[in-house]
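The values are calculated or read from the model by the stated rules, or taken from the named source; none is laboratory data. Note that the structure is a prediction, hence the values are computed from the model and not measured. Please note: Cβ atoms are built from the backbone with ideal geometry, for glycine as well, and neighbour counts cover all protein chains shown.
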Amino acid sequence: METGKQGMTRRDFLKRNMIVVAALALLSSPLKSFADIFRRQPRKPNVSGKEARYYRTLAG
Amino acid sequence: MAKGDFVQCELCPRECVLDEGQKGNCKVRANKDGKVITLVYGKPCAVHVDPIEKKPLYHFYPASSAFSIATAGCNLHCKFCQNWDISQANPEETNNLDLPPEEVVRKAIAYKCKSIAYTYSDPAVFFEYAVDTAKIGRKAGVKSVFITAGYLSPKPIDELCSVVDAIKIDFKGITEEFYNNVCLAHLQPVLDAMKAIKQRNVWLELVNLVLPTLNDKKDDIARLIDWVVVNLGADVPLHFSKFWPQYQLKNLPPTPEETLDMAWQMAKKRGVHYAYVGNIPAHDGNNTYCPKCVKLLIKRIGYDVMENNIVGGRCKFCNQAIPGIWG
């Protein structure tokens with residue numbers, strides 16, 4: 001049924017919004033990098049691996 | 001030794017059997033490629049300078065400072081632990097410094113500490129780190145004191161006694177039931193450890209943390225005192241300390257002062273020459289008295305030494321020899 005309202009093609013949508021889309025794409029990359037600087041990195045455990053004394057290997 | 005071998009740790013009476021990658025009960029020893037490794041060698045999570053009286057050691061260089069270190073982990077799991085946040089932690093969870101043994105000694109000297117104290121959690125579980133540090137410290141003229149529950153096997157105790165200058169043991173209770181239920185351990189290895197240390201002539205002091213309803217029965221305290229006098233002698237200082245509720249025993253009240261007074265008086269009556277009350281500043285039980293002439297030898301308020309009448313290791317009033325390491 002015709003409504004009198006013209007529909008938008010995908011091409012038209014992209015054309016109209018390309019500037020916004022492009023701007024968002026450009027901004028998101030440095031924003032992400034910026035956020036990464038402040039995001040807390042998981043702490044690497046500071047443990048040793050020195051061989052202990054007083055143990056024995058079990059046979060079998 | 002190869003990856004896939006089972007190993008058995010022989011440091012403490014638990015004698016944990018470990019599969020590849022598995023950690024022991026203490027959380028700081030593991031099986032890696034068929035060898036037991038210590039996860040905390042040179043990795044303390046607590047470092048502080050304390051008065052020696054805080055350990056508490058009352059007959060060891062009074063008024064001196066102890067460079068105090070601890071790592072994560074413990075081979076007991078006492079429900080009343082005052083340092084549970086590190087003793088019951090995995091070493092991966094604590095903020096650990098890099099402080100190798102030689103650096104510990106350097107810092108102890110820099111901070112003018114007479115001794116290094118291995119303390120807070122339990123140095124039984126960072127045994128290698130403590131022993132290696134003590135050896136270097138001895139060569140540099142720095143003493144070492146080991147503050148422990150005493151849950152170690154005989155051979156490590158023997159090695160320990162050859163490198164440290166004083167040991168303080170938490171003699172937590174006189175019943176197997178108490179050690180089982182409250183500490184998740186056993187009594188006998190601790191009794192054996194105390195006797196072994198006494199035989200090796202290392203300076204020894206004991207602390208009993210008095211816990212309302214758990215180890216404060218008059219009969220139990222009497223038996224504990226008698227065990228000390230008979231097996232270790234009247235000259236081993238015995239401290240009764242006030243408990244402040246925390247960790248898994250917040251339901252208990254703090255130890256009443258009357259209970260500590262009772263224990264202290266009982267100890268003196270039953271032959272302990274040097275009985276003390278701890279965690280109550282300005283209590284008369286903070287002080288050292290001559291067992292012969294009863295004069296005040298060392299007056300303490302909390303950790304501070306206000307007066308010292310021991311000269312050349314003797315009472316300055318009656319010349320009685322006072323056991324201890326006085327400097």
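At-a-glance table
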| quantity | calculated |
| --- | --- |
| Strands (runs of 3 or more DSSP E) lying entirely in region B:6-110 (those with 1 or more residues that are in contact (Cβ under 8 Å) with a residue 60 or more places away in the chain) | B:29-32, B:35-38, B:46-51, B:65-70 |
| Filter result for B:Asp5 (away from chain A (no Cβ under 12 Å) and among the acidic types (Asp, Glu)) | no |
| Residue list for region B:74-102, restricted to those being closer than 19 Å to B:Val164 by Cβ and within 14 Å of chain A (Cβ to nearest Cβ) | B:Asn75, B:Leu99, B:Pro100, B:Pro101 |
| Residues (under 18 Å from B:Ala234 (Cβ atoms) and surrounded by fewer than 16 Cβ atoms within 10 Å (Cβ to Cβ)) located in region B:282-316 | B:Lys292, B:Cys293, B:Val294, B:Gly313 |
| Unique match (being in contact with a strand residue (DSSP E or B) (Cβ under 6 Å, 6 or more places away or on another chain) and aliphatic (A, V, I, L, M)) among B:Val47, B:Val40 | B:Val47 |
| Test result for B:Thr259, hydroxyl-bearing (Ser, Thr, Tyr), out of contact with any strand residue (DSSP E or B) (no Cβ under 7 Å at 6 or more places or on another chain) and not in a strand (DSSP E or B) | no |
| Total residues in region B:57-72, condition surrounded by fewer than 24 Cβ atoms within 10 Å (Cβ to Cβ) and under 25 Å from B:Thr94 (Cβ atoms) | 1 |
| Within region B:173-196, tally of residues that are surrounded by 17 or more Cβ atoms within 10 Å (Cβ to Cβ), over 23 Å from B:Cys16 (Cα atoms) and within 16 Å of the chain's Cα centre (by Cα) | 1 |
| Residue match in region B:240-254 (condition: crowded, with 16+ Cβ neighbours inside 10 Å, of a type in the set (Lys, Arg) and not in a helix (DSSP H, G or I)) | yes |
| Residue check, B:Val236 farther than 27 Å from B:Trp84 by Cβ, of a type in the set (A, V, I, L, M, F, W, C), part of a helix (DSSP H, G or I) and modelled with pLDDT of 95 or more | no |
| Residues of region B:153-200 classified as charged (D, E, K, R) and part of a helix (DSSP H, G or I), total | 8 |
